[in-house]
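The values are calculated or read from the model by the stated rules, or taken from the named source; none is laboratory data. Please read these numbers as outputs of a predicted model, since none were measured by experiment. As a convention, Cβ positions derive from the backbone with ideal geometry for all residues, glycine included, and neighbour counts pool all protein chains shown. Note: accessible area is taken over every heavy atom of the protein model, side chains too, but ligands, DNA and RNA are not part of it. Shrake-Rupley method; radii C 1.70, N 1.55, O 1.52, S 1.80 Å.
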Amino acid sequence: YNYLKDSQGPRPGDAAVGSIPEFRLVRSFAELEALEGRPVICGILSLEGLHGIGRYPKKALRGATPFEDLMPEEQEAIRTSLFRNLDTIKMAGRGTGSDPDGIAPFFVTFSHHMNNFLAGHARSFGGLLSRVFNQQPGLGLGFSALGEEMVGRLLERREDAGRILIDTKHLSLKARGEYYRRVGNMRNRGDNVPVIASHTAVNGLADLATAAGNDNDPRIERRSYISRFSINLTDEDIREILKSDGLIGICMHDGRMPGRKFKRKLKAVRAYREKAKRLYAQLFLTNVFHIVRVGEAYLASGGRVAGSADPWKTVALGSDNDGIVDPFDTYRTAADFPAFRKKLIEALKTQERPYMREFRILSLPGEVPMPAAEIARLMNGQTPEEVVDRIFYGNVRHFLKKYFNDAYRYAQPIA
């Protein structure tokens, strides 16, 4: 946190003549909007894993004991540290605590790879990593009583401490279902909480129950183009995020996005860089169009949503460049985004070309090429450039305008 704050300002060297943009943390959409068009990279704080603000007894972390069965003094140590630090973080955003120039996170990823005694996590490691790291403690559980209280404290709005949204990435299937019911009840009472899935992919499965039955079966992965792991989004997840006016960031991850069929195909074309680029565009756009098609079907059935009834509004780029273990081979860093944007536009324009026969957008769950008429229908009159620009920036900007502001995040004083 201090490192990021201290990193603000012009870059060294050529920054004086404007060739290197400076870095600025922003506290609201208004601050971001004021800097648009200038050579500035705007940073918005988030936190991946609430364990980062807790103090955990090492003995408790090494075991598989649920929070409720820990010794009372262990429970109290975890609870006290989490509540104290969360309050400090929330108050920082208004400068009302010990950090008058503070900046609060816009959202937090509630769980991460390991047990945090707050909510169950989904399996995120496969292959060799799954044999190195033991993810079993806490795997698949719902929210603990402490976790439920942390959700309430995060979403609470006070005059001196703003709401912090929750990112469902890494949450277990059970915890995701519990969270959807909670925010659904809040929405019914007139308080909408948008659900964020910041860096994820789709698994093509119908619902949370189907994903639980699949249980990350590696045999299914061998026969699939996309990964069927339950950490990825089911159609039920997609509908719940759309209902809440939320946001799905599609990650560029060689590990968690594809199944074995894709990986075998990538291995075959890896020496042909242009074919590898087309293959990555196919994988990414298959995710995009599946999200849009699921959303459209929900709206066509009469489903109700917060905000506009537009299935495209939920889709964004969720690169995870700071945390990704295995990025796309041909697009490894944020510096490659312009080239990836150009390739996605090209792919949308050339779906029917003969050389694209093996790289067309696929319909899920059947994994067959999507007809050109279906692609055009789902694009709903938008050009390829308009679609890709919404994914890369437009949808996130709209989301920030609506939710990254004091009027939404803070309780308003009584007149």
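Between LYS261, LYS243, the distinction of being closer than 23 Å to LYS343 by Cβ, open to solvent by 30 Å² or more (accessible area, probe 1.4 Å) and not hydrophobic (A, V, I, L, M, F, W, C) belongs to LYS261 only. If only residues of the range 287-304 that are assigned to a loop (DSSP other than H, G, I, E, B) and open to solvent by 40 Å² or more (accessible area, probe 1.4 Å) are counted, the one that is farthest from ARG256 (Cα to Cα) is GLY302.
For the range 93-125, the candidate set comprises residues that are of a type in the set (Ser, Thr, Tyr) and within 15 Å of the chain's Cα centre (by Cα); within that set, the residue that is nearest to THR65 (Cα to Cα) is SER111. Do we have any residue at all in the range 389-397 that's out of contact with any helix residue (DSSP H, G or I) (no Cβ under 8 Å at 6 or more places or on another chain), modelled with pLDDT of 95 or more and on the phi > 0 side of the Ramachandran plot? No, every residue in the range 389-397 fails to be out of contact with any helix residue (DSSP H, G or I) (no Cβ under 8 Å at 6 or more places or on another chain), modelled with pLDDT of 95 or more and on the phi > 0 side of the Ramachandran plot.
From the residues in the range 375-392 that are in contact (Cβ under 8 Å) with a residue 60 or more places away in the chain and of a type outside the set (Lys, Arg), which one is farthest from LEU32 (Cα to Cα)? Before the answer, list the steps.
Initial filter on the range 375-392 (in contact (Cβ under 8 Å) with a residue 60 or more places away in the chain): 375, 378, 380, 382, 387, 390-392.
With the extra rule that they be of a type outside the set (Lys, Arg), the set shrinks to 375, 378, 380, 382, 387, 391-392.
Values: ILE375: 34, LEU378: 31, ASN380: 30, GLN382: 26, VAL387: 22, ILE391: 18, PHE392: 16 Å.
Selected residue: ILE375.
If I ask for residues that are surrounded by 14 or more Cβ atoms within 10 Å (Cβ to Cβ) and part of a loop (DSSP other than H, G, I, E, B), which ones from the range 372-410 would you list? Passing the criteria: GLN382, PHE404, ASN405, TYR410. Among the residues making up the range 325-356, those that are among the charged types (D, E, K, R) and over 29 Å from PHE125 (Cα atoms) are LYS342, LYS343, GLU346, LYS349, GLU352, ARG353.
Any idea which residue in the range 88-111 is surrounded by the fewest Cβ atoms within 10 Å (Cβ to Cβ), counting only those that are in a helix (DSSP H, G or I) and of a type in the set (A, V, I, L, M, F, W, C)? Don't jump to the end; show me each part of the working.
Of the range 88-111, the ones in a helix (DSSP H, G or I) are 88-92.
Still in the list and also of a type in the set (A, V, I, L, M, F, W, C): 89, 91-92.
Values: ILE89: 23, MET91: 19, ALA92: 23.
So, considering only residues that are in a helix (DSSP H, G or I) and of a type in the set (A, V, I, L, M, F, W, C), the one surrounded by the fewest Cβ atoms within 10 Å (Cβ to Cβ) is MET91.
Identify all residues within the range 26-65 that are over 28 Å from ARG163 (Cα atoms) and part of a loop (DSSP other than H, G, I, E, B); write none if there are none. Selection gives GLY37, ARG38, PRO39, PRO57, GLY63, ALA64, THR65.
Go through the range 267-285 and give me each residue that's open to solvent by 10 Å² or more (accessible area, probe 1.4 Å) and under 15 Å from MET356 (Cα atoms).
We begin by selecting, within the range 267-285, every residue open to solvent by 10 Å² or more (accessible area, probe 1.4 Å); these are 267-275, 277-278.
Of everything in the range 267-285, those that are open to solvent by 10 Å² or more (accessible area, probe 1.4 Å) and under 15 Å from MET356 (Cα atoms) turn out to be VAL269, TYR272, ARG273, GLU274, LYS275, LYS277, ARG278.
Filter the range 188-209 for residues that are open to solvent by 60 Å² or more (accessible area, probe 1.4 Å) and outside any loop (DSSP other than H, G, I, E, B); which is farthest from LEU362 (Cα to Cα)? For the range 188-209, the residue satisfying everything is ASN188.
For the range 318-338, residues that are out of contact with any Lys or Arg (no Cβ under 6 Å at 6 or more places or on another chain) and either in contact (Cβ under 8 Å) with a residue 40 or more places away in the chain or polar (S, T, N, Q) (or both) total 14.
Give the residues of the range 239-267 that are assigned to a helix (DSSP H, G or I), modelled with pLDDT of 95 or more and either among the charged types (D, E, K, R) or over 12 Å from the mean Cα position of the chain (by Cα) (or both), sorted by residue number. Walk me through how you get there before you give the answer.
Step one: list which residues in the range 239-267 are assigned to a helix (DSSP H, G or I), which gives 239-243, 260-267.
Filter once more, so that each one left must be modelled with pLDDT of 95 or more: 239-243.
Answer for the range 239-267, where residues must be assigned to a helix (DSSP H, G or I), modelled with pLDDT of 95 or more and either among the charged types (D, E, K, R) or over 12 Å from the mean Cα position of the chain (by Cα) (or both): ARG239, GLU240, LEU242, LYS243.
Criterion first (out of contact with any Ser or Thr (no Cβ under 6 Å at 6 or more places or on another chain), among the small types (Gly, Ala, Ser) and either part of a loop (DSSP other than H, G, I, E, B) or within 18 Å of PHE262 (Cα to Cα) (or both)) does ALA309 satisfy it? It is true that ALA309 is out of contact with any Ser or Thr (no Cβ under 6 Å at 6 or more places or on another chain), among the small types (Gly, Ala, Ser) and either part of a loop (DSSP other than H, G, I, E, B) or within 18 Å of PHE262 (Cα to Cα) (or both).
Determine which member of the set ARG176, ARG222 is among the basic types (Lys, Arg), open to solvent by 10 Å² or more (accessible area, probe 1.4 Å) and out of contact with any strand residue (DSSP E or B) (no Cβ under 6 Å at 6 or more places or on another chain). Steps first, answer last, please.
Numbers: ARG176 fails: open to solvent by 10 Å² or more (accessible area, probe 1.4 Å).
ARG222 is the lone residue from the list that is among the basic types (Lys, Arg), open to solvent by 10 Å² or more (accessible area, probe 1.4 Å) and out of contact with any strand residue (DSSP E or B) (no Cβ under 6 Å at 6 or more places or on another chain).
Considering only residues that are without any contact (Cβ under 8 Å) to a residue 40 or more places away in the chain and not acidic (Asp, Glu), which ones fall in the range 266-296? Show your work before the answer.
Taking the range 266-296 as the starting set, the residues that turn out to be without any contact (Cβ under 8 Å) to a residue 40 or more places away in the chain are 267-269, 271-272, 274.
The answer is LYS267, ALA268, VAL269, ALA271, TYR272.
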